[in-house]
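Accompanying notes for the structure given below.
No lab work stands behind these numbers, since they all come straight from the coordinates. Computed from a prediction, not measured in an experiment: that's the story for all the values here. Neighbour counts are summed over all protein chains in view; Cβ atoms, including those assigned to glycine, are modelled from backbone coordinates with ideal geometry.
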Amino acid sequence: MSFDTQAINKQRQDLDELTDIWVFGYGSLIYKVDFDYLESQYGYIHGYARRFWQGSHDHRGTPESPGRVLTLSPKKDEKCFGRVFKVTHDVFDHLDHREKNGYLRELIDVELTSGEHIQALVYIAAPENAAYLGAADEHAIAQHIFNAKGPSGRNRDYVYQLAAALRKHQQVDPHVFAIEAALRQLEQIHQIY
Ligand code: BEZ
């Protein structure tokens with residue numbers, strides 16, 4: 001698979017067939033939105049877990065030194081908190097470009113905090129994509145993230161902002177919080193030496 005998934009996303013889904021289009025964000029979209037939307041709510045997708053297993057060559061790293069960003073990994077009995085936005089079609093041109101480094105859109109059921117269910121498009125970077133880095137020990141992931149930076153800023157700030165946003169919404173994500181804790185330890189070690 002090429003690094004640029006924009007054309008594949010366009011070809012895979014005819015958005016004209018959908019009247020209300022929702023997009024589910026499980027990363028920076030929880031705390032920062034860079035597009036217009038019609039409505040927003042919070043909810044969960046079931047059977048997936050958030051993981052820092054995707055390489056970032058264009059946002060939190062560089063082609064020479066990729067960072068680690070989020071994807072979703074199928075995980076039975078888990079649920080992933082996020083934010084959904086009702087949007088117009090043109091927003092997907094923007095998001096497809098922003099998430100072109102390996103993410104494909106999937107239509108997935110979202111359970112809103114109201115209990116209602118909707119279908120939303122979710123950007124997932126699957127193991128087959130060329131930028132995928134995969135599982136690693138959470139300390140090793142933290143060490144990697146600590147050293148990475150790219151056009152969107154320091155990789156570690158992405159983790160800190162996400163962890164703060166999850167806490168604000170009373171959400172616990174052991175993977176994110178373990179990496180955040182390991183990063184804070186690295187900050188202390190680097191301050192001492
Ligand atoms: C987000 O929630 O910001 C997001 C995460 C991965 C891919 C696309 C969007």
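Observations
- Highest mean packing first, where packing is the average number of other Cβ atoms within 10 Å per residue, the peptides 148-159, 25-36 line up as 148-159, 25-36.
- Candidate aspartates and glutamates for bridging to Lys100, where Cα separation is under 13 Å - those fewer than 8 sequence places away on the same chain excluded: Asp4, Asp58
- Gyration tensor over the Cα atoms of the range 22-89: the corresponding equivalent ellipsoid has semi-axes (square roots of 5 times the eigenvalues, largest first) of 23, 19, 8 Å.
- Helix-only CD estimate at 222 nm, as mean residue ellipticity for the chain, using -39500 (n - 2.57) per DSSP H run (n ≥ 4): -9500 deg cm²/dmol
- Pairwise label distance in nanometres, Thr62 with Leu112, each label 7 Å out on the Cα-Cβ vector: 4.5
- Calculated FRET efficiency for the pair Asn147/Ile8, C-beta based, R₀ 35 Å, to 0.05: 0.70
- Each residue of the range 95-101 was assigned a 3J(HN,Hα) from its phi angle through the Karplus curve 6.51 cos²θ - 1.76 cosθ + 1.60 (θ = phi - 60°); the sequence is 5, 4, 5, 4, 10, 6, 7 Hz, with glycine and proline shown as x.
- Model label points for Glu187 and Gln161, set 7 angstrom from Cα along the Cα-to-Cβ axis, are 1.5 nm apart.
- DSSP bridge analysis restricted to the chain gives an antiparallel fraction near 95%, rounded to the nearest 5.
- Between helix 155-168 and the chain: long-axis angle, C-alpha atoms, 0 to 90°, nearest 10: 60
- With all projection directions averaged, the alpha carbon convex hull of the range 6-192 covers 10.9 nm².
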